[in-house]
Structure formats: C-alpha cells, structure tokens
C-alpha cells in the first residue's frame, strides 16, 4: 500500500510539489517561532542568573528599561546620587552593593560607539566570571583601564599599552584584558568609578547599583526599604524577567496567529489535493474495490497519502527552518528586549517534534473526508462513471 501511495503522489508532481512547498513554509515559520521563544527564555534566565544579583537600584523613570540598559552596558539619561549607595550598603539585607556609572562615546569616523563603565572592587565580588587574561592586573591607579575581550581586539591593545581617549583628553594605561565571557562585558571599557565620573563630568553620580542579598528570601522587605531612597527606584531580577517574558509572549502570540493562518492554509491545501485525487481516480478506486479491496483499505490508502504529504512537508519545513534560522534571528533580534548575547537557536529538538506532530495530525485530519469519500465509492457506479 505504501508503494501505491507514493506512486499516486508522483502522478501530479506539480500539484504535489506546491502542496509540499506550502506545508514547508508553514512548518518553517512555526519551528522558528517555537525555537526562538525557547532560546530566548533559556538565554534570558541564564544571563540573569549569571549577573549574581537579586535586585538593582536605578534612577526614577521606567525601571525595566533602565535595568535592561544597565545590564547591556548602555548609558542612561538620568543618574543617581552617591548618597543612594550609602543607603543601600547600610541596609541589613545587603551582602554586596556594586555601584556602576556608564557612558557612551560615539566614534562616527570609525563607525562605532564605545561604552565606558566605571566600577569598583565590589564588581569583582558580584561577577565571579570576571577573569583577567595572563599578564593582566586589576586597576593599578586612577588612569588605568581594563578592556573587554572584543574591545581589546578592536583597539589592538594588550596589558601595559598606553591608551589615549581623545574625546575625554585622557591618557590611560591598559592594566588588563578580560577573558571572553560571551556577555556584553566583552565589548566594554572598564575604569575606576571615580575616573569615569571625572572623565564624563558627573562627579558623585551613578547610573545604577547592583545588589546581592545575604538571603534571596529577603528581597521583598529589602525592596520596600530601598524604594524610599530619594530619586531612586528598585527593580528585582524576578520582576524584570517576568516583564520581558510577558512582552515576548505578546509578540509571540501575534506571530503564532500568523503561523496558525499558515497552518490553516496548509490544511486546505492538503484537503484540496486529496479531494482532487479522489475525483481524478474514481475509475481506479472502482477497480480496486471490484478486485477485492475493502472500504477500510480504500480509506487507509487515501489517509496514507495525506500522511505522507504531511511528513514530507514537515521534513522540508524543518530543513528550511534550520537553513534560514540565522537570517530570521538577525531580523527578529533588534525587536527583542534584553536579547541574550548567545545566539538564539534556529531549531530545537522540542520545536521539531512539536511541528512534526502538529503537521501529521493536521494532515491526517485534512485527509479524513477525502478518504471517507473514497471508501464510499461503489465499484459499479465508479466504473460506470468512467
């Protein structure tokens, strides 16, 4: 029966090919959507866990936008007073409070923008993956800089080299280079906190304060107390993750609606193909019934053809998703809040299994009515019609 089903599908190669193409596009859209969603959630959780903090104090404004900018090493339009750091460090629930000042230095002549970050010793405690390459040291003085791996490569600098910043008229010495971490740290320029504040004429100002608590269970009470700090607001990593996942969920729902429309079109395509096959092969089906094939056999033959079309379309769609996943990611990434530095997968095993299951189910369901019609054909009437 399998051989006969394959032979029947090959009789109309153009129609079968167009049906397979429509299914492949639907499956590719669905697979990319599911895979990007899975990858985003996993990558976001991993990056937030690696931050080593439970909450962040940021200037008044949109707390989630501010936190996202700080996590990605981007500057803010507003700042915090240094008094906020004293208040945070005096809180009994705080184990580590790491102040941060970030600033942007555009370099249009080179087509790039440098991100400078002022930090102090507490950052090393907060970020255990902050590893220096061989020959590197921590800040040796106010005029020292530590380069991220990509920043060092772009500047072609190594520990001990001089580094001049014409925008700030400051000559620095490269104290160290960070090992590649796969995070936004790789592209940053780190200087002592006081140096950054002086370079960008923001004395006693901060962009944010990253906080690790003595006990994560104390996050609620600690957040309530720090919310009282003048000019500051608190955002917890749990709240931040939930907010961004909700944003992605809304976009995903919209894209899922598009995928459902594509799947519905595929269902109609399979239905049309199978109904046309039944009408074209009325005589053939009558002969098969006349020589002894049962109604169940005729039904099974048409159902098998629908299943084969579905499996073929699903396989082609998964290949298409794997091939074009990188392109889809590059298009979608700019619209994803706090997109992980690690690449979003173009195809995951879970998404592949879901797509195959959905398309096989959809294909069989779309072929049920044509198969039922084929099983109802009476040999004498079918032969007379021919």
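The values are calculated or read from the model by the stated rules, or taken from the named source; none is laboratory data. A quick note: this is a predicted structure, and the numbers were derived from the prediction, not measured. With ideal geometry, Cβ positions are generated from the backbone for all residues, glycine too; neighbour counts draw on all protein chains shown.
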What helices (runs of 4 or more DSSP H) lie completely within region 1-94 and have 1 or more residues being modelled with pLDDT under 75 and under 23 Å from the mean Cα position of the chain (by Cα)? 13-50, 63-71
Among the residues of region 105-114, is any closer than 30 Å to residue 213 by Cβ, in contact (Cβ under 8 Å) with a residue 24 or more places away in the chain and surrounded by 18 or more Cβ atoms within 10 Å (Cβ to Cβ)? no
Which ones in region 113-126 are out of contact with any strand residue (DSSP E or B) (no Cβ under 8 Å at 6 or more places or on another chain) and not in a helix (DSSP H, G or I)? 121
Taking the condition farther than 26 Å from residue 81 by Cα, assigned by TED's automatic domain parsing to the domain that holds residue 106, at pLDDT 90 or above and not in a helix (DSSP H, G or I), does residue 176 pass? yes
For region 134-169, name all the residues that are surrounded by 14 or more Cβ atoms within 10 Å (Cβ to Cβ), at pLDDT below 90 and assigned to a strand (DSSP E or B). 163, 165
The correct count of residues that are in contact with a helix residue (DSSP H, G or I) (Cβ under 9 Å, 6 or more places away or on another chain) and not in a helix (DSSP H, G or I) in region 292-318 is 2
Could you tell me whether residue 180 is surrounded by fewer than 20 Cβ atoms within 10 Å (Cβ to Cβ), closer than 16 Å to residue 58 by Cβ and under 34 Å from the mean Cα position of the chain (by Cα)? no
Please specify each residue of region 214-230 satisfying the condition of being closer than 12 Å to residue 91 by Cα, touching a residue at least 12 places away in the same chain (Cβ under 8 Å) and surrounded by fewer than 20 Cβ atoms within 10 Å (Cβ to Cβ). 214, 218, 219, 221, 225
